[in-house]
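Where a number appears in this text, it was derived from the coordinates with a stated rule and is not lab data. Keep in mind the model is a prediction, meaning the values are calculated, not measured. When we count neighbours, we look across all protein chains shown, and the Cβ atoms used for this are built from the backbone with ideal geometry, even at glycine.
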Amino acid sequence: MNVTVYLSVALGGAVGSVARFSLSRGLSFVWPGFPVGTLAVNLLGSFFIGILAVWAFDKNIIISPWREFFITGFLGGLTTFSTFAYENLVLLQTGRYRDLFLYLAGNLLLGFLLVMAGRFLGRM
């Protein structure tokens with residue numbers, strides 16, 4: 001057991017969680033009632049994991065324990081899949097089907113495309 005790696009994940013997770021909270025709160029005015037903050041952090045996380053995974057695993061630019069700090073810790077704390085799932089349920093239960101579709105498509109399709117874009121940029 002490498003204590004440094006565990007501490008890196010924990011610290012990265014704390015920083016990522018605070019960043020998620022701040023971004024979500026800061027973006028709440030953009031579209032009241034729509035979880036734009038969660039969408040934004042999931043898209044940012046998708047983009048940056050594309051870049052960081054290339055740098056960490058393909059190019060070996062980011063080594064342990066920084067790899068665990070950024071990818072597992074920070075991005076794990078930043079992105080919010082459980083919150084995403086719950087917010088979809090709320091949109092469904094409240095009959096906001098258009099918003100549900102936009103939110104699902106935004107997170108899934110754009111998130112996937114941003115991972116690809118991040119990998120592309122990371123390889124440059």
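Side notes on the structure shown:
- Residue 75 touching a residue at least 40 places away in the same chain (Cβ under 8 Å) and within 20 Å of residue 116 (Cβ to Cβ): yes
- Within segment 25-124, helices (runs of 4 or more DSSP H) holding 2 or more residues that are surrounded by fewer than 20 Cβ atoms within 10 Å (Cβ to Cβ) and over 15 Å from the mean Cα position of the chain (by Cα): 81-93, 97-105, 111-122
- The set of residues in segment 42-68 that are farther than 16 Å from residue 13 by Cβ, of a type in the set (Val, Ile, Thr) and either touching a helix residue (DSSP H, G or I) at 6+ places or on another chain (Cβ under 6 Å) or in contact (Cβ under 8 Å) with a residue 12 or more places away in the chain (or both) comprises 51, 54, 61, 62.
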